[in-house]
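Reading through the structure tokens given below for one structure.
The values are calculated or read from the model by the stated rules, or taken from the named source; none is laboratory data. Everything numeric here is computed off the predicted structure, so don't read it as measured data. Here the Cβ is made from the backbone with ideal geometry for all residues, glycine too, and neighbour counts use every protein chain on show. Keep in mind that these areas ignore ligands, DNA and RNA; they rest on the heavy atoms of the full protein, side chains included. Shrake-Rupley method; radii C 1.70, N 1.55, O 1.52, S 1.80 Å.
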Amino acid sequence: MIFRLFRKNKVNQAIMVRQYGILTTAARAPAFFEAMNVPDTVMGRFEMLSIALILYFRRTSSAGDEVKAIAQDIVEAFFEDLDHSMRELGIGDNGVPKRMKKLAGMFYGRLDSYARALENSDEIALEAALLRNIHPENTDETLSMRGLAHYMLKAEEELKKVPESILRSGEAQLAGVEQEEA
């Protein structure tokens, strides 16, 4: 762990912290929980942070190496935060790795399923994937994730317009959710 201090570029660290903070703030917007049927629970917040990161990673995947390094640092910070949060919730040292593996699988599964829908701008498929992931026990056929699916498609389009210089500075913003409340 101490060796990480030597290998991290301090400039990139500050940029990563700034960008990760922007993404986590965006993921915590009250409108997701109040108007878009995302439960305000630990898992609901995991889902929203996953969505923010997935949108960001999709944008950075076509960027240069410097931006990709920042994105990789953000992935590491995300999983470190998950580890820390589990320990704060009282999960012991023996249980954390098992749960981390499960959460990592959930995150990368969502990355794959959302990416397919986003690639095709398929709001219906995206809505179905969101409903399946955010409300796995759902039996209410009137529950809709359409607002969140619409938001994600719009946010991705807006992120595509973000210049690489903004990505390098760690100041990329997600589209405002207040415009998408439904």
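Quick notes on this one:
- Radius, Kirkwood style, for the chain when every pair of distinct Cα atoms is counted (Å): 17.1 Å
- Sulfur and carbon atoms: percent of accessible area, the chain [1.4 Å]: 54 percent
- Axial C-alpha extent at least 24 Å, average Kyte-Doolittle at least 0.5 - helices from the chain (DSSP): 42-60
- Under Karplus coefficients 6.51, -1.76 and 1.60, residue-wise ³J(HN,Hα) of region 33-39 in Hz, glycine/proline x: 8, 8, 10, 10, 6, 8, x
- Sorting the segments 42-51, 106-115 by their residues' average number of neighbouring beta-carbon atoms within 10 angstrom, most packed first, yields 42-51, 106-115.
- When the inverse distances between all different Cα atoms of region 66-116 are averaged and flipped, the Kirkwood radius reads 12.1 angstrom.
- The length gained by stretching the chain between His150 and Arg28 to full extension, at 0.36 nm per residue less their Cα-Cα distance, is 42.2 nm.
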